[in-house]
1. Does Met13 satisfy being open to solvent by 30 Å² or more (accessible area, probe 1.4 Å) and in a strand (DSSP E or B)?
2. Looking at (1) open to solvent by 40 Å² or more (accessible area, probe 1.4 Å); (2) in contact with a helix residue (DSSP H, G or I) (Cβ under 9 Å, 6 or more places away or on another chain); (3) touching a residue at least 40 places away in the same chain (Cβ under 8 Å), which is the one condition that is false for Asp58?
3. Tell me, which residue of the stretch 77-110 that is open to solvent by 70 Å² or more (accessible area, probe 1.4 Å) and of a type in the set (D, E, K, R) is farthest from Tyr49 (Cα to Cα)?
4. Go through the stretch 52-70 and give me each residue that's under 17 Å from Glu91 (Cβ atoms) and assigned to a strand (DSSP E or B).
5. Could you list, ordered by first residue, the pairs with Cβ atoms under 9 Å in which the first is in the stretch 17-31 and assigned to a strand (DSSP E or B) and the second is of a type in the set (Asp, Glu), at least 6 apart or interchain?
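The values are calculated or read from the model by the stated rules, or taken from the named source; none is laboratory data. As the structure is a prediction and not an experimental result, all values here were calculated from the model. FYI the Cβ positions are ideal-geometry reconstructions off the backbone, even for glycines, and counts take in every protein chain you see. All accessible areas refer to the heavy atoms of the entire protein, side chains included, with ligands and DNA or RNA removed. Shrake-Rupley method; radii C 1.70, N 1.55, O 1.52, S 1.80 Å.
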Amino acid sequence: MAAVAGLLICAFMLASLVSTDLRRSGRKSAARGTVMGHVASLKDGVHTYAAIVGYEIDGKSFEQTDDVWWPHRTPREGAAVRLLFPVGHPELAYRPRPWLRVLSYALVGALGAVMIAILSGGV
């Protein structure tokens with residue numbers, strides 16, 4: 001039963017990754033942003049931080065909270081960062097991290113393969 005639950009969790013994680021990638025697919029524009037500060041979270045006694053990036057597109061100002069949370073404030077406040085966004089949708093800007101995406105797919109795929117092996121009696 002636990003293997004079925006694990007497989008369902010892997011399927012949900014895979015769907016979430018694919019959904020995010022599809023939303024970010026297509027032609028992209030690039031922009032430069034500046035780290036304006038960090039938002040903090042405290043969970044189970046551990047602080048994590050996500051950068052708040054400000055940027056301007058076509059005379060309009062935007063702020064975006066980074067997708068990735070770190071145990072320290074990175075990048076430092078005032079640092080310039082590269083952003084990508086689908087053409088015509090600057091509100092969907094994100095910091096590109098291709099190796100993190102590859103690692104995420106590999107991890108979800110490996111976990112799914114283990115769950116399938118358990119279900120088929122191979123482990």
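1. Working: open to solvent by 30 Å² or more (accessible area, probe 1.4 Å): yes; in a strand (DSSP E or B): no.
No; evaluated as a whole, the condition is false for this residue.
2. Result: Asp58 fails condition (3) only.
3. Glu91
4. So in the stretch 52-70, the residues under 17 Å from Glu91 (Cβ atoms) come out as 52-67.
Of everything in the stretch 52-70, those that are under 17 Å from Glu91 (Cβ atoms) and assigned to a strand (DSSP E or B) turn out to be Ile52, Val53, Gly54, Tyr55, Glu56, Ile57, Lys60, Ser61, Phe62, Glu63, Gln64, Thr65.
5. Pairs that qualify, where the first residue is assigned to a strand (DSSP E or B) and the partner is of a type in the set (Asp, Glu), are Ala31/Glu56.
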